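Notes to accompany the following structure.
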């Protein structure tokens, strides 16, 4: 009842022109795929803030498929929770060292995945599911709260001197919820450690570059992207918007995929598989999917009968959105191809991690303008960067 009253009160404050604005609807868009690279099956992060890991491993799975020219029957399936577990541990150490003056939560950045792989290796899902707490899909609210409570107790330093065993206690919580990590495992008849499996997959974290585009830092130089989930303080190369987009297009054209991070809080990012750049803003709460696109019953019924006209994007408008915090660090997904609608408007194929939801069974069609405006950063194989841009950035 209180929710309904509040919704009515808020509605009365919204201009009628905004309420009347049509919403994009998938059935009014006719897409033709132009180019796509192989991807692995759709996964579901469910009730966990681990999109950064699901999307990054999907990206790396496609990297392995491309490098090894694998058939679908041989596609890899990497363990998300192996990465998440090590990331939690490393984050706790830094959180305590900084006396709690950083974000200690489920969200993270793409560099976190690459650093964990570099330092600890990689495992297939068959060797480590990380689902030791009685659910079929991730449900990590309790785990996140317990871990945060533990490290907050540690930084209070009640003994006036930290013991050397508090990290073991933290790892004990991870063992209980996610399970102990095996020292070795067998996959396809071969025995591996996490490090040897990483090497067998041919994954070298140094092969990847993180790219962004903002004017508050100099172009062609690396900078630390100022978002709270970038707790490792990883750097991104800064490119002008036209070259930023040229890297994505060059990657797609040459059979590479792109690890995409950005804002999905726009009304134009719908629950049925569309992402177009409209004026109206929306915010929702609930599961990871509901948080960004709402429940079906919450969405207005009106919809445009044809593809909607979008906002134009400039370097200045993109920067303004970031500075005003209308472009925020919301979600990570996997960009793997391009398409066009019936008007010839360009879109990108996006693999999400919300299960087989929406009209396209877990795939989103994201317009070029949405990508221009709402991408905070992306990761790509350095060989997918055009040679002239590699030279400007000093990439070898």
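Please treat every number below as a calculation from the coordinates, not as lab data. Small disclaimer: the values here were computed from a predicted structure and weren't measured. Note that we place each Cβ from the backbone using ideal geometry, even for glycine, and neighbour counts take in every protein chain shown.
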C-alpha center-to-center spacing [segment 336-395, segment 37-59] in angstrom: 15 Å
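Could you order peptides 266-272, 154-160, 32-38 by the average number of other Cβ atoms within 10 Å of their residues, highest first? Let's see the in-between values first.
Details: 266-272: 22.4, 154-160: 10.9, 32-38: 14.7.
Order by mean packing, descending: 266-272, 32-38, 154-160.
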Throw me the Rg/Rh for segment 21-119, computed over C-alpha atoms with Kirkwood Rh, two decimals. 1.10
Which three semi-axes in whole Å describe the equivalent ellipsoid of segment 122-251, each the square root of 5 times a Cα gyration tensor eigenvalue, listed largest first? 34, 26, 15
Ranking 245, 201 by Cβ neighbours within 10 Å, fewest first, what do you get? 245, 201
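Please rank 133, 88, fewest neighbouring Cβ atoms within 10 Å first, as an exposure proxy. Could the numbers behind the result be given before it?
Numbers: 133 14, 88 23.
Fewest-to-most ranking of 133, 88: 133, 88.
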No solvent, one uniform scatterer per C-alpha: report log10 I(q)/I(0) for segment 21-393 via the Debye equation at q = 0.10 1/Å, two decimals. -0.64
log10 I(q)/I(0), Debye, Cα-only segment 354-396, no solvent, q = 0.14, 0.20, 0.27, 0.35 Å⁻¹? -0.56, -0.83, -0.96, -1.03
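Once you order the gyration tensor axes a ≥ b ≥ c over the Cα atoms, which shape class does segment 50-174 get: rounded for a/c under 1.5, otherwise prolate or oblate by comparing a/b with b/c?
Prolate.
Can you quote the Å³ per residue value for the convex hull of the Cα atoms in segment 169-246, rounded to an integer? Present the calculation step by step, with values, prior to reporting the outcome.
On the way: hull volume 12.7 nm³, N = 78.
Output value, Cα hull per residue: 163 Å³.
Taking the number of other C-beta atoms within 10 Å as the exposure measure, put 52, 354, 233, 166 in order starting with the fewest.
Numbers: 52 28, 354 24, 233 12, 166 17.
Placing the least packed residue first, the sequence is 233, 166, 354, 52.
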